[in-house]
Structures are given as C-alpha cells and as structure tokens.
Amino acid sequence: QKGGYDHFMLKEIYEQPRALRDTVHPRISDGLPSFEMDDVPEGFFKRFEKISIVACGTAMHAGMLGKALIEKLARIPVETDIASEFRYRNPIMDKTTLVIVISQSGETADTLAALRLAKQHGVTTLAIVNVTGSSIAREADYIIHTYAGPEIAVASTKAYSVQLSVMYMIAIKMALAKQEITTNQARELTSSLMHAIETTEKSILLDEQIKAYIKRYENLNDLFFLGRGLDYALGLEGSLKLKEISYIHCEAYAAGELKHGTISLITDGVPVVALATQEILLPKMVSNIREVRSRGADVLLICKKGMRIDRDVYGEKLELPAIDDLFMPIVGVIPLQLIAYHTAVLRGCDVDKPRNLAKSVTVE
Ligand code: F6R
C-alpha cells in the first residue's frame, strides 16, 4: 500500500505532482481556469463583493494563501477565519459575500458548522473538498473537488497542495470576472500555474539535501520559521507540519514582527528556517535574517535559485527552482514537508500517526 515508501506521508509528498495535475488539468479550458465540470456557472464570481474563507489547520493555511492571491489579483477583500472562531464571532455576511470552506476530509466538525451557519444566513457557499460524498461536499451550494486521492498520513501534505492550486484558479477566475486582468493576462497566469505544477518535480529532488541537513535537528527543542508575505503563510504550514509529527516546539513568525518580542528567544544555536522566495521583499528579509544571525541563530535559508544573497547571511542554503514569485508557494511547501518528515523519522516518531491526533476531527 505504501508503494515502496517507508511511510504514507513520504508517499503522499511524492504524489504531489500527480495530485496537482489531476486537480488542475481537467479544469483548464482554452488556456483558462474553468469550473464547468463543477457546475459553477460562468460569471458566478462576478456577483461577490467580499469573500470569507473558513477552514481549520492546514486547510486554513491554504486559505491564507488564497486570501493573498485573491486580493492581489482580483482586488476583492477577503477575510480568513479559523472555523472554530468564525462560528462564535457573529460574522458579518450578506448576499454579496461568498463563503469558501476548505476541507480535506469534508467532515471537520467546526468547518461543517461554519458552513451551516453561512447557509442559515442565506449566504452562498462554495466548498473545496477532497473526499467525495462527505458531509461538507453534500451540504455546500457549490463544490470544487480536489483530486489528491486518499490521504492516509494524519499530517496533510498533498491535500494542501491541491487546495492551494484551486485557490490559484479561483483567484485568476475572479480577477477576470472583475475585469482586473485581461484574458491574455489570465492565460499567462494559468500557464504559470501549470509550469509551477511541473516544477514541483524539481522541488522533490531536494529530498537528499534536506535529509542530510536535518541531522542537526535530532535533539532539538525549539525552531523558528521566518517569512514575509506569501512566505509567512508558508512558514505557518511548515511549522505546523514539524510540530505535529516531530513534537518539536516551533513557531512561524512574520519576519518584521520579530523585533516586537520574539527576538528575545533567539540565542546562540537556535535554529531558524528563513523563507525568502519573494524578490520584492528580499532586502527586508535579508536584514531580518542578519538580525537573528548576529544573535547566533543557525539559519537554513530557503530561497529561489539565482537570488543574490551574501554568503555571510546564512548557515546553509536550499535553493528552490526559480519560477514566478506568485507561484513559489507551490514549489516551496515541499521542502518544508520533507523537513518535517525526515526530522520525525530521525527522532523515532510515529510519522503517519502522531500522538493525540486524528485524521478527521469530528469533535468541536
Ligand atoms: C495538519 C492537518 C490538520 C487538518 C485539519 C483540517 O497536517 O492535517 O490541521 O488540516 O484538521 O482537516 P480537514 O482539511 O479534513 O478539514
């Protein structure tokens, strides 16, 4: 069943290029995203003035990137909420709001309750779900199925990637519907998305380098992820993955926020994974990395191939394949999953079934 891999998690990490193709390719028509197979009518996205994305855990992290993408491309305000918070804060919604819920299992109790709450308010709901026939898939007004295939490992990997790919398609589709981009621009973005998907194969090739590097993480207690913009959202996912399966305490920080408190935790030898995949944010990011380096941090820099970064800024560098900045999270998440995986294996953890966690969280 594990197809020659030691764990389901590793198998699922390696399945990502396939899962992404299966999810995206059938939804490309004439070089543009199309949700015709999902019965989402043409012009659907024109109706909405506000988007509310609701999910839990890893699915929420895909939603956070979705917010950045939709706001950047379509210029529609997007709120993101953890489902268990959304439910109890009396959220403001009306007929011009689209509530998007994201769930691998389609059974997460809080996400399902959030969906029901939105429906009670008469708000249009769209669910991005991996498990066909699940409660969320049955109850949402519109469903976009992801085709990750069954995800067995408790830690979500391929489901996140396909959720993210759908967020890209929605953002492009909305931007076009709102006339924020031209059809040609939408085609270019769609082609960049397809290219990013093919490039995930190259990210996977970093596996050996990662495995060798993380040997130093065997007896670790704490680790920090730093990033700005899309890299911050990515860092949150990298941090969650490492925490849940390796039991290392870990935090993801928006790099600019460090100096508002957390930098006091950075002392000699503290490991920092610094994400720097966004050209426009690079100077600021480099200065944040210098701040932690000067306090003795052990910095693994994850950047984009070809970025010019002085050698004294980092301890070791992991270079992601260079694609358009906007699409870097698609190739960037894979090394973070591999860091979590190899660290957990090294520490003798039960990778596929971490303690206290269930694959489907059906309690509130
Ligand atoms: C983390 C993880 C969880 C789930 C969360 C939501 O690796 O798997 O954080 O993402 O419990 O689950 P779904 O997507 O099934 O609603």
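Can you pull out every residue in the range 288-323 that is open to solvent by less than 10 Å² (accessible area, probe 1.4 Å) and part of a helix (DSSP H, G or I)? Walk me through how you get there before you give the answer.
Of the residues in the range 288-323, the ones open to solvent by less than 10 Å² (accessible area, probe 1.4 Å) are 288-289, 292, 297, 299-303, 313, 318, 320.
Those that are open to solvent by less than 10 Å² (accessible area, probe 1.4 Å) and part of a helix (DSSP H, G or I): Asn288, Ile289, Val292, Val313.
Which residues, taken from the range 75-122, are of a type in the set (Val, Ile, Thr) and either in contact (Cβ under 8 Å) with a residue 40 or more places away in the chain or within 12 Å of the ligand (Cβ to nearest atom) (or both)? If you could, list the steps in order and put the result at the bottom.
Just the residues of the range 75-122 that are of a type in the set (Val, Ile, Thr), to begin with: 76, 78, 80, 82, 92, 96-97, 99-102, 108, 111.
Answer for the range 75-122, where residues must be of a type in the set (Val, Ile, Thr) and either in contact (Cβ under 8 Å) with a residue 40 or more places away in the chain or within 12 Å of the ligand (Cβ to nearest atom) (or both): Ile76, Ile82, Thr96, Thr97, Val99, Ile100, Val101, Ile102, Thr108, Thr111.
Kindly list the number of the only condition in (1) in a helix (DSSP H, G or I); (2) in contact with a helix residue (DSSP H, G or I) (Cβ under 9 Å, 6 or more places away or on another chain) that fails for Tyr253.
(1)
Could you look through the range 141-180, keep only residues that are β-branched (Val, Ile, Thr) and within 12 Å of the ligand (Cβ to nearest atom), and pick out the one that is farthest from Pro329 (Cα to Cα)?
Of all residues in the range 141-180, those β-branched (Val, Ile, Thr) come to 143-144, 146, 152, 154, 157, 162, 166, 170, 172.
Within this subset, residues satisfying the condition of being within 12 Å of the ligand (Cβ to nearest atom) are 146, 152, 154, 157, 162.
Values: Thr146: 18, Ile152: 23, Val154: 21, Thr157: 13, Val162: 12 Å.
It comes out as Ile152.
Looking at Ile214, Ile245, which one is in contact with a His (Cβ under 6 Å, 6 or more places away or on another chain), hydrophobic (A, V, I, L, M, F, W, C), modelled with pLDDT of 95 or more and in a helix (DSSP H, G or I)? Can you show your working first?
Working: Ile245 fails: in contact with a His (Cβ under 6 Å, 6 or more places away or on another chain).
Answer to the check: Ile214.
Residue by residue through the range 124-134, note down the ones that are crowded, with 20+ Cβ neighbours inside 10 Å and either more than 13 Å from the ligand (Cβ to nearest atom) or not hydroxyl-bearing (Ser, Thr, Tyr) (or both).
If we filter the range 124-134 for residues that are crowded, with 20+ Cβ neighbours inside 10 Å, which is where we start, we get 125-131, 134.
Listed by number, the residues that qualify are Thr125, Leu126, Ala127, Ile128, Val129, Asn130, Val131.
Residues to consider are Val24, Val40, Val54; find the one that is in contact (Cβ under 8 Å) with a residue 24 or more places away in the chain, of a type in the set (A, V, I, L, M, F, W, C) and under 29 Å from Lys202 (Cβ atoms). Spell out the reasoning first.
Details: Val40 fails: under 29 Å from Lys202 (Cβ atoms); Val54 fails: under 29 Å from Lys202 (Cβ atoms).
Exactly one residue qualifies, and that residue is Val24.
Only one residue in Glu198, Glu244 is of a type in the set (Asp, Glu), open to solvent by 10 Å² or more (accessible area, probe 1.4 Å) and out of contact with any Pro (no Cβ under 6 Å at 6 or more places or on another chain), so which one is that? Steps first, answer last, please.
Numbers: Glu244 fails: out of contact with any Pro (no Cβ under 6 Å at 6 or more places or on another chain).
Only one candidate qualifies: Glu198.
Test of understanding: among Ile170, Ile143, which residue is surrounded by 24 or more Cβ atoms within 10 Å (Cβ to Cβ) and at pLDDT 95 or above? So that I can check it myself, show each step before the final result.
On the way: Ile143 fails: surrounded by 24 or more Cβ atoms within 10 Å (Cβ to Cβ).
Criteria check complete, one pass: Ile170.
So, of the residues in the range 206-257 that are under 30 Å from Leu73 (Cα atoms) and of a type in the set (Ser, Thr, Tyr), which turns out to be farthest from the ligand (Cβ to nearest atom)?
That would be Tyr253.
Output the number of the condition that Glu251 fails; it satisfies all remaining conditions of (1) within 26 Å of Ile143 (Cβ to Cβ); (2) of a type in the set (D, E, K, R); (3) touching a strand residue (DSSP E or B) at 6+ places or on another chain (Cβ under 8 Å).
Of the numbered conditions (1) within 26 Å of Ile143 (Cβ to Cβ); (2) of a type in the set (D, E, K, R); (3) touching a strand residue (DSSP E or B) at 6+ places or on another chain (Cβ under 8 Å), the odd one out for Glu251 is (1).
Taking the stated definitions as given, is Met285 assigned to a helix (DSSP H, G or I) and either closer than 24 Å to Ala19 by Cβ or acidic (Asp, Glu) (or both)?
On the way: assigned to a helix (DSSP H, G or I): yes; either closer than 24 Å to Ala19 by Cβ or acidic (Asp, Glu) (or both): no.
For Met285, the condition - assigned to a helix (DSSP H, G or I) and either closer than 24 Å to Ala19 by Cβ or acidic (Asp, Glu) (or both) - is not met.
Is it the case that some residue within the range 179-186 is open to solvent by 10 Å² or more (accessible area, probe 1.4 Å) and touching a Phe, Trp or Tyr at 6+ places or on another chain (Cβ under 9 Å)?
First pass over the range 179-186, keeping only residues open to solvent by 10 Å² or more (accessible area, probe 1.4 Å): 179-185.
Checking which are touching a Phe, Trp or Tyr at 6+ places or on another chain (Cβ under 9 Å) leaves us with none.
No: the range 179-186 contains no residue that is open to solvent by 10 Å² or more (accessible area, probe 1.4 Å) and touching a Phe, Trp or Tyr at 6+ places or on another chain (Cβ under 9 Å).
The values are calculated or read from the model by the stated rules, or taken from the named source; none is laboratory data. It should be emphasised that the depicted structure is a prediction, and the values quoted were computed from it without experimental measurement. All Cβ positions, even for glycine, are placed from backbone atoms using ideal geometry, and neighbour counts span all protein chains on display. When the accessible area is computed, the model is the full protein with side chains, heavy atoms only, and any ligands, DNA or RNA have been set aside. Shrake-Rupley method; radii C 1.70, N 1.55, O 1.52, S 1.80 Å.
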